[in-house]
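Peer 1: I'd like to ask some things about the structure below.
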Amino acid sequence: MNKLSPFLLGLSLAVAGSALAAAQESASMPKVLQITREFTKPYKGGAAHDKSESVFVQAMTRAKWPTHYLALSSLSGKSRALYLTPYDSFEAWEKDTKAVSMNSALSAELERASVNDGTLLDSVDQVVCYFDADLSYRPKSDLAHSRYVEATVFHVRPGHEKDWTEIVKMAIDANKKAGTSAHWSMWDLAYGGDGNDYIMLSADNSMSEIDRGFSENKQFMDALGDEGKKKFRELIAVTIDTTDGELFAINPRQSYVSDDWIKADPDFWKPKPAAASAAKPAADKKPQP
C-alpha cells in the first residue's frame with residue numbers, strides 16, 4: 001500500500017463520476033455489505049472465470065432468489081473478482097444464509113459450482129462492511145447504468161477516528177463549495193480487516209467521468225482555501241497511515257442483479273449472443289492457403 005499524501009486524498013475524494021439526480025441522492029443504501037474476493041490464477045480471470053461464475057447466476061435465477069449481488073473485475077492490482085452482496089441488516093444476512101442452507105436443490109448446485117470454480121482460484125477471502133451515512137457524499141445506490149467502480153481503502157491510525165471524521169467532513173464541504181461531480185459511499189470495515197479500515201466506493205458510468213474527476217481536483221483544493229489546505233495536510237499526516245486505490249469494471253456475466261436493473265439496461269446486463277453468419281463458402285472453392 002502506498003503512503004497517502006494530501007494531494008492524493010484530495011484526488012481520491014474528488015475523483016468520482018457524474019452528478020446524481022435528486023432521487024438517486026436520496027435513495028436508501030443498504031446497511032451491510034458483504035464483499036467476497038476471489039483471486040484468480042494467472043490468465044484464469046477472463047472467459048474461463050465468466051463461464052464458471054455463470055453457473056452460480058443460473059442457479060440463483062432458477063431459484064428466483066431475492067438476494068442479488070454485483071460482480072467486479074479488477075482493472076488494476078492483482079487479478080481478482082469482487083462480489084458485493086448488500087443487506088438491510090446483519091439479521092437479514094443471517095436469514096438469507098439460513099434460507100440457502102434449507103433449500104437443498106439450490107445449496108447443492110452452489111456447492112458443485114464452488115468446487116468447480118475453485119480450480120481457477122489462488123485464494124478467496126471475505127470482509128463485511130457497515131454503511132457510514134455521515135461520511136458518505138451523494139451515495140449512488142442504483143448502479144444499473146454504471147460500468148466502473150473505484151474502491152479506496154484508508155487505514156486510520158488508532159485513536160484518530162475523530163480526526164478521520166473531520167478530514168472527510170472537510171472534503172465533503174469543499175466538494176459542495178467547488179460544485180464538483182464527486183460522490184461516494186463510505187463503509188466501515190467491520191469484520192475481516194486489520195481494524196480502523198474504511199472503504200470508499202464510487203461508481204462511474206464511463207471512464208470520461210474519471211477524467212472529469214481528475215480535472216476537478218484544482219477546484220477542490222481551491223475550495224479548501226490556504227488555511228484549509230494547511231489543516232487538511234496536518235490532519236492527514238497524523239491520521240492516515242496507508243491507502244490503496246483500485247479500479248474495477250462491473251462484470252454483467254458474473255452478476256446476479258434485479259429485474260429492474262436488467263430492464264433499465266438490457267443490452268448490458270443481458271446481451272444477445274452474436275448472430276451466426278449466414279454466408280457459407282462455395283462448395284467448389286478451396287480455402288486460400
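The values are calculated or read from the model by the stated rules, or taken from the named source; none is laboratory data. Since this is a predicted model, take the numbers as computed values, not measurements. Cβ coordinates were reconstructed from backbone atoms using ideal geometry, including for glycine residues, and neighbour counts include every protein chain displayed.
Peer 1: Pull out all pairs, ordered by first then second residue, where Cβ-Cβ is under 6 Å, the residues are six or more apart or on different chains, the first lies in the range 176-192 and is within 18 Å of residue 225 (Cβ to Cβ), and the second is surrounded by 23 or more Cβ atoms within 10 Å (Cβ to Cβ) and of a type outside the set (Val, Ile, Thr).
Peer 2: Going by the 6 Å Cβ cut-off, the qualifying pairs are 180/14; 182/14; 182/16; 182/175.
Peer 1: Would you say residue 284 is exposed (fewer than 14 other Cβ atoms within 10 Å of the Cβ) and either over 20 Å from the mean Cα position of the chain (by Cα) or modelled with pLDDT under 95 (or both)?
Peer 2: For residue 284, the condition - exposed (fewer than 14 other Cβ atoms within 10 Å of the Cβ) and either over 20 Å from the mean Cα position of the chain (by Cα) or modelled with pLDDT under 95 (or both) - is met.
Peer 1: Starting from residues that are assigned to a helix (DSSP H, G or I) and under 19 Å from the mean Cα position of the chain (by Cα), keep the ones in the range 238-259 and report whichever is surrounded by the most Cβ atoms within 10 Å (Cβ to Cβ).
Peer 2: Once the filter is applied, the top-ranked residue is 254.
Peer 1: Considering only the range 41-64, state which residues are touching a residue at least 60 places away in the same chain (Cβ under 8 Å), of a type in the set (A, V, I, L, M) and either surrounded by fewer than 15 Cβ atoms within 10 Å (Cβ to Cβ) or in contact with a Leu (Cβ under 8 Å, 6 or more places away or on another chain) (or both).
Peer 2: 48, 60
Peer 1: Condition first: touching a residue at least 60 places away in the same chain (Cβ under 8 Å) and outside any helix (DSSP H, G or I). Now tell me which residues in the range 76-107 satisfy that.
Peer 2: Hits for the range 76-107 are 76, 77, 81, 82, 83.
Peer 1: While we're looking at this one, here's another question. Please find, within the range 167-209, the residue that is nearest to residue 35 (Cα to Cα) out of those that are exposed (fewer than 15 other Cβ atoms within 10 Å of the Cβ) and over 21 Å from the mean Cα position of the chain (by Cα).
Peer 2: If we take residues in the range 167-209 being exposed (fewer than 15 other Cβ atoms within 10 Å of the Cβ) and over 21 Å from the mean Cα position of the chain (by Cα), then 169 is nearest to residue 35 (Cα to Cα).
Peer 1: Sticking with this one: Among the residues that make up the range 65-75, is at least one of them surrounded by 14 or more Cβ atoms within 10 Å (Cβ to Cβ), modelled with pLDDT under 95 and part of a loop (DSSP other than H, G, I, E, B)?
Peer 2: no
Peer 1: Let me ask something additional. Name, by its number, the condition in (1) touching a residue at least 12 places away in the same chain (Cβ under 8 Å); (2) over 20 Å from residue 44 (Cα atoms); (3) of a type in the set (A, V, I, L, M); (4) assigned to a helix (DSSP H, G or I) that does not hold for residue 113.
Peer 2: Result: residue 113 passes all but (2).
Peer 1: Condition test on residue 213, is it of a type outside the set (A, V, I, L, M) and surrounded by fewer than 17 Cβ atoms within 10 Å (Cβ to Cβ)?
Peer 2: no
Peer 1: Could you tell me which numbered condition residue 143 fails, if it satisfies all but one of (1) at pLDDT 95 or above; (2) within 22 Å of the chain's Cα centre (by Cα); (3) within 22 Å of residue 128 (Cβ to Cβ)?
Peer 2: With (1) at pLDDT 95 or above; (2) within 22 Å of the chain's Cα centre (by Cα); (3) within 22 Å of residue 128 (Cβ to Cβ) applied to residue 143, the lone miss is (1).
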